[in-house]
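> This is the structure, below, for whatever I ask next.
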Amino acid sequence: MPEVVNLGLSHDTAPIEVRELVAFTKKKQGKILSELNQHSCCRGAVLLNTCNRCEVYVSTTDVKNARRLVFEVLQRETEKKIQLESFLFSHRSPESTIHLFEVASGLDSMIKGEPQILGQTKEAYEFACQGEFCDTYLHEAFTRAIRTGKRARAETDICSKAASMGYAAVELARQVLPGIEDCRTLIIGAGEMGKVVLKNLLSQGAARPAIANRSIERSKKLAEQFQGRAIPMLDLAESIADFDVIISSTSAPHSVVYKDRHGDALLEREDSQLFIDLAVPRDIDPELALIDTVNLYMVDDLEEIVTENLEERLAETEKVNEIIQEEYGEFKKWLAGRQAVPLIKALQERADNIRQAELERAFNKLSSRTNLSEEEQFIIEDLSRRLIQQLLHHPLVNIKNIFSGNGENIEQNSRFDFLVDLFDLEI
């Protein structure tokens, strides 16, 4: 029977310099999933790719070759810039499924309980479904993981007591530059993270932040919503030195602020500047940190900043773990029930073969005595089908319940063999 296996890296195992090498565009993600699904060792695959993790989940009956395949694909995508092996982790069932539930619930995030990861997990699952890359086992694992994440947010305070990355960035700015309300601020990127940053900036009293984005229309729309002002990305080379705080969070596959284009303007500035880069791959060229007035922080620097409500969040973690165990228990029952599927199919097929053989025999006898109309033949055939359905209904339900129970695998295997022998089935 297939099992769910994962392989990947996260903020716990790899620094940003490594994670950005496996931060893929949607187009690249689709190509990777398509490639994996072309191999016999991979029955289905889902790629969960965020700023803090890159994890591939596969359904397989060949764990060794599936792991090797995923590793080779990820290693190839780094263009040999680094050896990934020492940064990777991998789990197989049941740990892989429990880990997925923890991820969707926010327990494995850099900031425990942060709200974005549930939506990112759902997006990864839906993307795989659209490409028909999911099999039955991954469908079940991810739908239950998403349900686990929703329950964690609805039944505990893990999310309400957690700080977001956007909050952490603004808190860092407040600590480094007291009096942020007097600072000139620039947000690069008009996506969801940009909105979170803007909300937190305004809550700290920041006045009329500037917003730059590849689409000036999106910048204007966000500026209207948050009492800011929009500036064209092309103008950054001339205007970037005017800002005290620059927080960037685009989805660009390359730097949007870099030394060759923006360095000269920054060198002319006398006062220090704070750059906070929330993007993976990084938006801000690390070489800018060589400029004396530039203080550059990356996403990995935020972990030490966020300690607010930590004890309360740890208490909520215990409640979330209880939900995870409940949901995994249900998944385990479903998984056990799947062992009955080949048995049920074989029993239905054997019963239908007997039905058709006996039906043909009866029609042959009747044809020598009378000509049956099409309606009469249909009534007899329908009667035979109904008899089989009624006879098999309770046995099939009970078989499924037996395998979905709490029996150990050894007991289930012995039951399986007993039922195969009892009905003389070929599986």
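> Can you pull out every residue in region 184-220 that is small (Gly, Ala, Ser) and part of a loop (DSSP other than H, G, I, E, B)?
Of everything in region 184-220, those that are small (Gly, Ala, Ser) and part of a loop (DSSP other than H, G, I, E, B) turn out to be 189, 190, 191, 205, 206, 207, 215.
> Are there any pairs, at least 6 apart or on different chains, whose C-beta atoms fall under 8 Å, with the first in region 56-76 and without any contact (Cβ under 8 Å) to a residue 24 or more places away in the chain and the second of a type outside the set (Ser, Thr, Tyr) and open to solvent by less than 50 Å² (accessible area, probe 1.4 Å), and if so, which?
Every condition considered, the pairs that remain are 62/41; 75/84.
> Let me ask something else about it. Please go through region 13-30 and give me each residue that is assigned to a helix (DSSP H, G or I), under 19 Å from residue 124 (Cα atoms) and open to solvent by 20 Å² or more (accessible area, probe 1.4 Å), ordered by number.
20, 21, 26, 27, 28
> Right, here's the next one. Looking only at region 236-250, how many residues end up being more than 12 Å from residue 188 (Cβ to Cβ) and either touching a residue at least 60 places away in the same chain (Cβ under 8 Å) or charged (D, E, K, R) (or both)?
Going through region 236-250 one residue at a time, the tally reaches 3.
> Output the residues belonging to region 109-137 that are of a type outside the set (Ser, Thr, Tyr), closer than 21 Å to residue 326 by Cβ and over 11 Å from the mean Cα position of the chain (by Cα).
If the condition is that a residue be of a type outside the set (Ser, Thr, Tyr), closer than 21 Å to residue 326 by Cβ and over 11 Å from the mean Cα position of the chain (by Cα), then 112, 113 are the ones that fit.
> Something else about it: Can you find, within region 31-62, the residue that is most open to solvent (accessible area, probe 1.4 Å) among those that are under 21 Å from residue 101 (Cα atoms) and polar (S, T, N, Q)?
Of everything passing the filter in region 31-62, 49 is most open to solvent (accessible area, probe 1.4 Å).
> If you don't mind, there's one more thing I want to ask. Evaluate region 155-177: report whether one residue or more is in a helix (DSSP H, G or I), within 30 Å of residue 41 (Cα to Cα) and open to solvent by less than 10 Å² (accessible area, probe 1.4 Å).
no
> Please verify whether region 215-235 includes one or more residues that are under 24 Å from residue 268 (Cα atoms), open to solvent by 30 Å² or more (accessible area, probe 1.4 Å) and out of contact with any helix residue (DSSP H, G or I) (no Cβ under 9 Å at 6 or more places or on another chain).
Yes: one or more hits.
The values are calculated or read from the model by the stated rules, or taken from the named source; none is laboratory data. For clarity, every value in this text was computed on a predicted model and none was experimentally measured. So basically every Cβ, Gly included, is an ideal-geometry build from the backbone, and we count neighbours across all protein chains shown. To get the accessible areas, we keep the full protein, side chains included, count just its heavy atoms, and leave off ligands, DNA and RNA. Shrake-Rupley method; radii C 1.70, N 1.55, O 1.52, S 1.80 Å.
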